[in-house]
1. State, as an integer percentage, the relative contact order of the range 117-162 based on alpha-carbon contacts under 8 Å between residues 6 or more apart.
2. Over the chain, calculate the relative contact order: mean separation of alpha carbon pairs under 8 Å at least 6 apart, over the residue count, as a percent.
3. For the range 325-415, what ratio Rg/Rh do Cα atoms give with a Kirkwood hydrodynamic radius?
4. Under the rule of at least 5 residues apart or a separate chain, name every residue whose amide H is placed under 5 Å from the amide H of Ser178.
5. How big is the equivalent ellipsoid of the range 14-87 along its three axes, where each semi-axis is √(5λ) from the Cα gyration tensor, reported in whole Å from largest to smallest?
6. Mean 1/r over all different Cα pairs, inverted: what Kirkwood radius does the range 255-351 give, in Å?
7. Over all directions, the average projected area of the alpha-carbon convex hull for the chain comes to how many nm²?
8. Find me the longest stretch of the chain that has none of the exposed GluC sites (Glu not before Pro), where exposed means in a DSSP loop (not H, G, I, E or B) with at most 16 other Cβ atoms within 10 Å.
Amino acid sequence: MRKLNSSIVVDFFSEKGLDKVGRTYFAYVPLENMVCYAVAESYDSDNDINSAEMAVEAVLVAFERNPSFRNLKSYIDYANGQLMANSVKNKLETAITVVVSDYTRIKYASCGNIKLFLLSDNAFYLKSETQTYYQFAANEYGFDKAPRTENKNLTQYLGKKDGIKPFISKKIDLLEESTMLFATCGVWDRVDDVEILDAYEESEPDKFLGNIQELYLQTQLKNPAIGSYTLASLFVEKTFKEDVNKKKKRRRNIIIASIVLLILLIVVTVLCIADSSAMAKIRGLDDEGKRYSDYGNYQMAFEQYDKAKGLTEKLRKDLLFIRDKKNLSEDIMEKWRLFNGIKSGDEFLETGKYVEARTDYIGAQRASRLVFYNVDAKAYAKLPVPSILAQKIEQIDRYVFVDHLIDIGKLYEINGEYSDALDCYEEAEAIAKLIGDLALSKEVVALKYEAKMGRKENADEGAVGALREQMTEAEERFDFELALEYCIKILRIYEDMEVTDSQAQADQKRINEEIDASKTAIKNIDIAKQAADESRYDDAVRYYESVLTQYGIMGIGVQHDKYWNIDNEIARLKRLIEADKPREQEPTSPREPNNENPREPDASSTRDRNADLDIR
C-alpha cells in the first residue's frame, strides 16, 4: 500500500568518462513498504571486478532479505564483507551512500565521499558530510582553508581491514515536491553547492539532472580529465500519508507510557530515598562500632555491627546504588565476622574450650585482614584489633602448651621418671606465670610438689650410676649439652637424698667448661676459614691453634680425626706463608680481615680444601 500510494521519480546518469571501465554504480530496489537506493564509487586498481557494482548489489540483496530502518548498518557491513572476501588478486576499496525509505521518511548511511543533497523550496534542507581528510580539515579550519586535493583521501570506505564506522543518520521526514540528489566525488568537486542550487531553482524536476550534468561537462574546458561519475535525482511527487488514527493511537500510547514512566520514576525515587536513609543508618552504626572498637569494648562494637548487618539484609540489591550497597554490605559483613569471632572466642576461652576459642580467633583474624585490606603489613600489626587478636591466640597457645606439658609430666611420673616430670612442671609453671593465671599456677605448683616427693622417695645410688654412665657416653660423643642434662639430674637426686656430692658438682663445672670450649672452637673455625679464604694465613693459623687449645679442654686429643684435620690445615697454611716470604719486600704484621692482599697464592685451592675438610 505504501508504494502504491506514493510517487518518487528516479533519474540518473552513470558514465565511465575517460576510465577504461566504469567505476561508479547506481541501483535501487523498490518493495511494497520500503525502498532502498545505493550509489558507490570504486577506488581500487582492479579492472576485472567492478567493486562499486559489487558493493551496491550486496547492499540491495541484504535489504531485500530484511528490509528495515534499523538494519541499515548491517547492509553496509554485509557489502564490506563481500568486498573483503573478493579481495584476492587486488584489494577492493569502495565509497558508498545508501538511502532507505518507507515512502514517508528516509534514513541514510554514508561510508566515503559520495554526497547526498535534499532540496526543497529552493533551498538545501540536508547536505551530507563526507568521510575524508578534506571534510575533517573543513570542520576544523573552514572550507576556505581545507585542501580540495584531499577529497579522495578517505577515512572510511568499504574494504578497510581494521573495520568500518559508517555514518548513520536519524530518520528524516520526506517533503512532497522535494528532490534527493546523489553526486559522486567527481561531480561535487567541480560543481559547487551554489551552482547546484541555481540549477534547482531554474529547472523543472525532469530537467534538473540534465542541467547539473551540463554544468559538470562544462568544467572540461579547465580540466578535461573527467573520469567515471554518477548523478541520481529522486523527485518526491507524493509521500505516503500515514493513518491519522494510527498517529492518534501512537500519541495516546506515548502519553500512557509517559504516565507509567512517571509512576515508575516516583516509585524508584521513594525506594531510592528509603535505601539512602537505610545506608545512612548503616554508616552511622559503622561509625559507632569503630568508636567502641577504639575503646576496646568489642562486645558493644559487635552489637552495632549486628544491627548494621540486619539493615544490610533488608537493602534491595537489584535497584539503585547496586554497587554502593554491595560494597557496604560486604564491608559490614566482614566487620561483623571480625567482632563476632572475638565475642565467641572470648566466651569459649572463659569456659576453657581452647580449641574452639582459637578457631574463632583465627576466623576473626582472617576477617580483620579483609577489613584492613588497605594497610601494609607493618602498620597492620600495630593496629589495636589485630594486635589484640594476636595476643589472644598467643595466650591460647600458651594454655594449650601448659596442658601439653602437664600431660607429658604425668606420663613421666607413671614411668617413674620424676626428674623429667619435674622439668615439664617447671616449664609449665613459668608459662602459667607469664599468662598471669593464678589458678593454673597453683595447679602446676601442686603437681611439681608431687613430682618432687616421688623423686625423693625413689632416689637411690642405682639411678645415679645409670645416669653417670649415660653422661660419660654423651661426653665421649662430644654431646656436652646432653651430658649436662644427665649431670643436673644426678645433682637433683642427691638434693632429694639430702646429700652433697662433690664429684657431681665437679662434673657439672667440667661439662660447662667443655660446652664453652665447644662454642669457642666452632666460632674460631669459622673465623679461621674466612681468613684463609682471604689469604690472611697468619690470622688463620692463630685461630686454628686456638681451636686446638679448645679441643684439649674438650678432651679431643691427637689421635682424633678432628684434631688431625686442624693440625694438617695449620701445617698447610704455614707452608703457604713460607712460600710467600721471598716475594715480600718488608716484614708485615698479620693483616686485618678487611685489608687488601697484593697477591693471593692458590686462593681457589685453599677455599676448595676448607670446603672439603670436616674440621668441626
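1. Numbers: 43 pairs, mean separation 13.9, N = 46.
Result for the range 117-162 is 30 percent.
2. Values: 875 pairs, mean separation 50.6, N = 616.
Relative contact order here is 8 percent.
3. Working: Rg = 16.7 Å, Rh = 14.5 Å.
Radius of gyration relative to Kirkwood radius: 1.15.
4. Val236
5. On the way: eigenvalues 115, 42, 12 Å².
Equivalent ellipsoid of the range 14-87: 24, 15, 8 Å, largest first.
6. Working: mean 1/r = 0.0666 Å⁻¹.
Over the range 255-351, the inverse of the mean reciprocal pair distance is 15.0 Å.
7. Working: hull surface 239.1 nm².
If I average the Cα hull's projected area over directions, I get 59.8 nm².
8. Working: sites that count: Glu32, Glu129, Glu176, Glu177, Glu242, Glu313, Glu498, Glu584, Glu596.
By the stated rule (loop sites, at most 16 other Cβ atoms within 10 Å), 314-497.
Computed from the coordinates by the stated procedures, all read-outs in this text should not be read as laboratory data. Since the structure is predicted, the reported quantities are computational estimates derived from the model, not experimental observations. As a convention, Cβ positions derive from the backbone with ideal geometry for all residues, glycine included, and neighbour counts pool all protein chains shown.
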